[in-house]
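Comments concern the structure below.
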Amino acid sequence: MSAEHTPLPSSETFDYKHVGGRFVGLCVTALVTLLISLLLGLKNPHQFAFSWFFAGFFFFTILIGSLFWVVVHHAVDAAWSVGIRRQLENISCLLPLLTLLLIPLLYVASDLWTWMKLSPVTDHELAEKSAYLNVNFFWLRTVFYFLLFGIGAFLLRRNSLAQDKDGAAIHTIRNRRVAYFLVPVGAISLTFCSIDWIMGLNWKWNSTIWGLYIFAGSVLGALCVIILLSNALRNAGYLKGVLNGQHNFAFGKLLLAFTLFWSWIAFVQYMLIWYANIPEESVYYVIRSSSSWKVLGIILVVGHFLVPFVLLLFRGPKASAGFLGLVAGWILAMHLLDVYTMVLPVLHPEGFHPAVMDVVALLAIGCTLSAFFLKQLGDSPLWPSRDPRLAEAANYID
């Protein structure tokens, strides 16, 4: 619902004075932690492989989740999300940079995906899967995933920026076409990507809804990031013309909806594997429900489902941007724990074994991506200033 007579908000760009020394701090932290990662990686390549992959995949889920929100915005012709779309575009366009940051995994790939060390000649089970599980085809698929998502994010942002200049509706139509293509192709690609990268860590394990589980976590994590970013920009005095108090309710409802969606997929996957009790399927949960990993599993169930469900169940608290920011930060931390419990138990099946490299890898990749994001934040208007749905977005009523 919108009030068409309300004046359109004028274009607004980010002033770097609001960054202060934080940008320099991010750059210094990124350089220092990248150097430390290199030194620790040379000392212990096996730990580096899992820590770097854990951090890289966590940020990959955030970027791919942001791309999803841009795609769904265009696919359903949404209006309420126009004010946050530019920042989602900026985040998703960090995919090429993340690709470069993940290049070191080429040198430790066989530590992660142990099937690469095996030969189908001597391993009967691998021989049955060799048409799919072979090194050349694996890297070919990986290149395809990054090209698809990277080019898709680039096109969506390029057309959006072009519309800022001439206001032509053709750019909206072009982005809608890109979105229609990415919905089916991107969904299938993300499914195979999650199978290759995460399920491939234990290549004898399988789950029929693993791609959907990764999708649910990615979308929820990206939503948390955009809520936190929107709050930061609003606190600095931006987005006043395009985000109002009613948008808080939309954020809150989406947080609750995707929290329930993630929880349902997680429960269905666990229930089906537990009920079937097939060894090659149950091995995933056997490791994660024993020793100290069980404690993290309980924290994940309570923290990723029960806590946000109770906090977001009622309408009143969702009116507060600060409250939503706290809940979003909590859910994002739980998403980080979720990714951690996907990857690190493969390295330490005997129990939870934190390593300095885990934190260093998160800081190295996270600070590098954040520094580049801040650098491009002021290069374009903070929202699509000539989008035909801007008036409806500015006057959104939940």
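The table below lists the values:
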{"item": "Filtered residue count, the range 105-160, keeping only those that are surrounded by 15 or more Cβ atoms within 10 Å (Cβ to Cβ) and of a type in the set (A, V, I, L, M)", "result": "12"}
{"item": "Residue satisfying condition, being under 27 Å from Val327 (Cα atoms) and surrounded by 14 or more Cβ atoms within 10 Å (Cβ to Cβ), within set Leu256, Leu313, Leu306", "result": "Leu256"}
{"item": "Residues that are closer than 16 Å to Trp210 by Cα and touching a residue at least 12 places away in the same chain (Cβ under 8 Å), drawn from the range 273-287", "result": "Ile273, Glu280, Glu281, Val283, Tyr284, Tyr285"}
{"item": "Some residue of the range 165-188 being in contact with a helix residue (DSSP H, G or I) (Cβ under 7 Å, 6 or more places away or on another chain), among the aromatic types (Phe, Trp, Tyr) and surrounded by 20 or more Cβ atoms within 10 Å (Cβ to Cβ)", "result": "no"}
{"item": "Qualifying residue in the range 60-70 (condition: in a helix (DSSP H, G or I), out of contact with any Asp or Glu (no Cβ under 9 Å at 6 or more places or on another chain) and exposed (fewer than 15 other Cβ atoms within 10 Å of the Cβ))", "result": "no"}
{"item": "Filter result (over 21 Å from Phe54 (Cβ atoms), modelled with pLDDT of 95 or more and of a type in the set (A, V, I, L, M, F, W, C)) within the range 83-134", "result": "Leu88, Cys93"}
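Yes/no per residue for (1) hydroxyl-bearing (Ser, Thr, Tyr); (2) over 19 Å from Gly211 (Cβ atoms); (3) modelled with pLDDT of 95 or more; (4) touching a Phe, Trp or Tyr at 6+ places or on another chain (Cβ under 8 Å):
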position: Leu39; (1), (2), (3), (4): no, yes, yes, no
position: Ala55; (1), (2), (3), (4): no, yes, yes, no
position: Thr61; (1), (2), (3), (4): yes, no, yes, no
position: Ala78; (1), (2), (3), (4): no, yes, no, no
position: Ser81; (1), (2), (3), (4): yes, yes, no, yes
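The values are calculated or read from the model by the stated rules, or taken from the named source; none is laboratory data. All values reported here derive from a predicted model rather than from experimental measurement. Positions of Cβ are backbone-derived with ideal geometry, glycine not excepted, and every protein chain shown enters the neighbour counts.
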